[in-house]
Structures are given as structure tokens and as C-alpha cells.
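All of the numbers you see were taken from the coordinates with simple rules; none came from a lab. Because the structure is predicted, anything quoted here is derived from the model rather than measured. Glycine also receives a Cβ, built like all others from the backbone with ideal geometry; neighbour counts cover every protein chain displayed.
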């Protein structure tokens, strides 16, 4: 598999998790406090930023096992295994959102 294809899949899955996550109400309460003052505190903007918060959290947290694998076992090689580990982590973090979508 191509590394770019795997990365697009990871980012797409993170975006789906950000939009459909059952943890969105928790993120909305956090985002209302952390949102920049430039944007109005309308429900649309709060929902947008809370979705971005969950998406970026999924992207970052699912990358930790892949980074550890790459650092500890292969030492900076060009294998596709870290990308597959990253995709697997994103899938595991997105299971609650995928259940709402009806996929899992």
C-alpha cells in the first residue's frame, strides 16, 4: 500500500470521528472556553471547533503507538508498518463514532 493513501485514510477517519463522536458534548463545553475571541460564540462555530478538537486528538493519540514502534524497533526505516499501526489506532479510537454511522 502507498503511504500517502494510508495517511489520507487516517486523516479521513479522524475527521469522521470528529463529526460523529459521542464525546462531542464534552468537547463542546471545553471548546466554548478555549475558543479564540475572534470568532463569535455561535453554536455553529462552537460545534466546528469542538469537531476539530476531537479530530486532532484522534490524529495525535492514534499516532503515538506508531511513533513508538518507529523509534524503538525499526529506527527510522521506510516501512509501511507504522502507518498501518497509526490507521489501526485511528480505527480503534473511532469505533464509537463508526457505530453511530452504522459501520461497526
Worksheet entry | Filtered residue count, the stretch 23-50, keeping only those that are within 19 Å of residue 94 (Cβ to Cβ) and loosely packed, with under 11 Cβ neighbours inside 10 Å | 1
Worksheet item: Residues of the stretch 12-46 being closer than 15 Å to residue 84 by Cβ and out of contact with any helix residue (DSSP H, G or I) (no Cβ under 6 Å at 6 or more places or on another chain), which ones?
Response: none
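Yes or no: the stretch 97-104 includes at least one residue that is within 20 Å of residue 1 (Cα to Cα) and either loosely packed, with under 13 Cβ neighbours inside 10 Å or in contact (Cβ under 8 Å) with a residue 24 or more places away in the chain (or both).
no
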Practice prompt. Return yes when residue 22 is assigned to a helix (DSSP H, G or I), in contact (Cβ under 8 Å) with a residue 40 or more places away in the chain and more than 19 Å from residue 5 (Cα to Cα) and no when it is not.
Written response: no
Discussion item. If I ask for residues that are part of a loop (DSSP other than H, G, I, E, B) and under 13 Å from the mean Cα position of the chain (by Cα), which ones from the stretch 52-104 would you list?
Written reply: 94
